[in-house]
Amino acid sequence: MADIHLTPSYLETDFLTTKDKLINLMKNDPVFRDYSYEGSNINMLLELVSYLNDLSTFYINEVAKNVYPDTANLYETTHSLVTQRSGYQPNGYISAQLDLKVTIKRWNDDHTIEYYNEGDQIYIPAWYTLDTGQTNTDNNNIYYTTTDSHTINLPLSGDIDEYSFLIPIKQGEYFTGTYSGDDIIDGSIILPFKQIDMGVYPYDDKFPSSVVYVDEEPWNRVYNFYDELSGLQTSDNVYKIVYDKYKRYKIVFSSARNMPTKSSRIRIVMLNSLGDKGTLGANLLKKEYGEELSYNIPLLVNRNWTTVDTPFIINLTRNALLSGNYKFINESASIYGSSPETLEQIKTNSKKIVNTQYRNVTKTDYIADLESRTDIIKANVWGEQEENYGNTQNYNKVYICVIPKNWTTYTIPTSGIEWIDPMVPDITQTIQVPIEVNEIFQNDLKTYIEPRKIISTYEQFVLPDIVYFKFEIGILPKRLYNFNIIIADVKAKLDYYFSDFNREFNEVIDFRDIHNYILDSTITSPDNTFDKVKGIQNFVFRDIALYSTLSNQSDPMEIFELNDEKKFPMFTVNEFDVRYENLLKPIKLGLNQFPKIALDMCIFINEV
């Protein structure tokens, strides 16, 4: 007798299994026992029922997957799960920002007109937009805007025939909005569908990404409504900006603090951001002496927004223009600049928040907190005992080392040096050597981690030691594969392996791991599948060398033997077992050492 058991197991609810089950049921009936199902009308009905069952199974699986953050694959559910369970707030667009160097000139060309004198006050208005003249890959014009006004007091004495100062500006164009208390629904005002800059926490009132006025009074932006418990926020006139599960921006108020009334008038100024597509390289935003700039900026007049054509710079003391006698340039590339977090980023960052609970207690807490910043790719943190075991003079010291997204004068400036292969002098590459951790950058990071640190600890920033690796690799191609084409993909995969996102401080570089990584055809990057590595028949490391930019200036290519003196980089073993044909040894990096690849120094040999 045919199997007529109709209660399927979990793995039997697919299309083919369901159809087979139904056919077995039909064959149990004498009328359909010898029926030819293929191509029949009944077969069409069986397939329709089987399809509906398969479709129901698919949707049940989707529902089940989206119950837990780790398996969720929909943005709405992932967003809801992490915000409700961990309190994590996913980020929307974050504008790039940079420091603009402005230089003003005291006299006109023939020294007949004086534009300022000692002690004068120079004023630059808020929400003044500058056209960079650049476009991004989407052919969008890139604009930068002052989000706060700046008053510069010129020195009372000294040579100030030409005077320079820095002002911070953000990428984006401003837009305004006016609402009433009636527009608040469930404590929130839903904003227009724009790519609004969310800014970087902790928020700086002197460099805002948004301004909210309630009845002509500016309210303060907060990350959460309970920060007054920490003493960091004393005003109750506060609001949040939230990027919700529907990818909308909302201004959120809380009844735990002050709420606008029904009759309140709420006015906003915000930036429309390009995110990571609004970043700008150094020396691209510039103006020379001569041209006078003016732009329509928003002002509150009679309780309503109006735009007023305003010059870029005004001498407040004289109530006069500088008539184009100023120039500006961005001497450093922009920092920050990111698009909304992806599903994987939300999952990863929310886990970090769960672990840290918004407090930096362990090494993992500090690293998670620092790496959540858009301008830091990797971080390492260690304590005084790891730095100098048994030292009783430096209790509660926290050492911090970071890899910035952009190596600029604002973060960590670098200088280039030539690495010359001692065996093959024709092979050279310019490598970047970190110079110092910028003091402004240090203070920025200290301010950032201050709300989450333990009171008794203090930080010391350590300059990263970039360790460049070069390899001599032998490759035997398979038949019908071109050696040069294979090398192009091997180089691309090595570059991806050593990308900042894939590497860590203080790790072990093992040629066996790299060997397996290169030959694993399932490992791809977002923009490269490395297909041609499938054409490798034999792949072997012949030699490994490195160049340490900081740790050992007498011999930057030295690799120390296994030691207890914390001399890095060092081999992890004295020697391999004789069974190993390749006698290369894994290399351990120090706490502040970070690996990179020097591709131009690598040698690839065709093992024909």
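For the pairs 206/453; 194/378; 101/277; 247/453; 277/352; 245/363, flag any whose C-alpha to C-alpha distance is greater than 25 Å.
194/378; 247/453; 277/352; 245/363
Take 261, 549 and order them by how many other Cβ atoms sit within 10 Å, fewest up front.
261, 549
Mind running the shape call on region 160-301? Use the C-alpha gyration tensor, a ≥ b ≥ c as the square roots of the eigenvalues: rounded below 1.5 for a/c, prolate if a/b tops b/c, oblate otherwise.
prolate
Quick one: what does P(r) look like for region 465-606 with 5 Å bins over all Cα pairs, in whole %?
2, 9, 19, 21, 19, 14, 9, 4, 1, 0, 0
At R0 = 60 Å, how high is the FRET efficiency between residue 508 and residue 283 if r is their beta carbon distance? Nearest 0.05 is fine.
About 0.90, to the nearest 0.05.
Based on the Cα atoms of region 10-65, what semi-axes does the equivalent ellipsoid have, where each is the square root of 5 times one gyration tensor eigenvalue, given in whole Å with the largest first?
Computed over region 10-65, the values are 26, 11, 7 Å.
Full-extension gain between residue 420 and residue 190, please, as 0.36 nm times their residue separation minus the C-alpha to C-alpha distance.
So the extension gain works out to 76.9 nm.
Take the alpha-carbon positions of the chain, form their convex hull, and give its projected area averaged over all directions (one quarter of the hull surface) in nm².
Answer in nm², one decimal: 43.8.
Along region 129-145, what does the Karplus equation 6.51 cos²θ - 1.76 cosθ + 1.60 (θ = phi - 60°) give for ³J(HN,Hα), rounded to whole Hz, x for Gly and Pro?
Karplus-based 3J(HN,Hα) across region 129-145 equals 9, 10, 8, 6, x, 9, 10, 9, 5, 8, 6, 8, 5, 9, 10, 10, 9 Hz.
Between residue 261 and residue 447, how high is the FRET efficiency from 1/(1 + (r/R0)^6) when r is the Cβ-Cβ distance and R₀ = 30 Å? Nearest 0.05.
Plugging the Cβ-Cβ distance into 1/(1 + (r/R0)^6) gives 0.30.
For region 1-108, with the dipole built from +1 on Lys and Arg beta-carbon atoms and -1 on Asp and Glu ones, taken about the Cα centre, which of 74, 13, 37 lies farthest toward the positive end?
Looking along the dipole axis, the top candidate is 74.
Sort 366, 448, 68 by Cβ crowding within 10 Å, fewest neighbours at the top.
If I rank by nearby Cβ atoms, fewest first, I get 68, 448, 366.
Can you put 257, 303, 221 in order of Cβ neighbours within 10 angstrom, beginning with the fewest?
Listed from fewest to most nearby Cβ atoms, that is 303, 257, 221.
What ranking do 86-93, 505-512 get when scored by the average of other Cβ atoms within 10 Å per residue, highest first?
Result, highest mean first: 86-93, 505-512.
If the cut-off is a Cα-Cα distance under 20 Å, which aspartates and glutamates reach residue 287, setting aside same-chain residues fewer than 8 apart in sequence?
Correct list for residue 287: 99, 109, 131, 161, 162, 173, 309, 331.
Lys/Arg Cβ at +1, Asp/Glu Cβ at -1, dipole of region 99-220 taken about the Cα centre: which of 214, 166, 156 is farthest positive-ward?
Final value for the positive-end residue is 166.
Mind pulling up the Rg/Rh value for region 425-516? Radius of gyration and Kirkwood radius, both on Cα.
A ratio of 1.14.
Can you bin every Cα-Cα distance in region 361-455 into 10 Å intervals starting at zero and give me the percent of pairs per bin, rounded to whole numbers?
Calculated over all Cα pairs of region 361-455, the distribution is 14, 36, 28, 16, 6, 1 percent.
Suppose we look only past 28 Å in the calculated P(r) of region 94-337. What percent of the Cα-Cα pairs does that tail hold?
39
Please get the size of the charge dipole for the chain, origin at its Cα centre, with Cβ charges of +1 on Lys and Arg and -1 on Asp and Glu, quoted in debye to the nearest 20.
1300
None of the figures in this text is laboratory data; all of them are computed from the coordinates on show. Quantities reported herein were computed from a predicted structural model and do not represent experimental measurements. Reconstructed Cβ throughout: ideal geometry from the backbone, glycine too, with neighbour counts over all protein chains shown.
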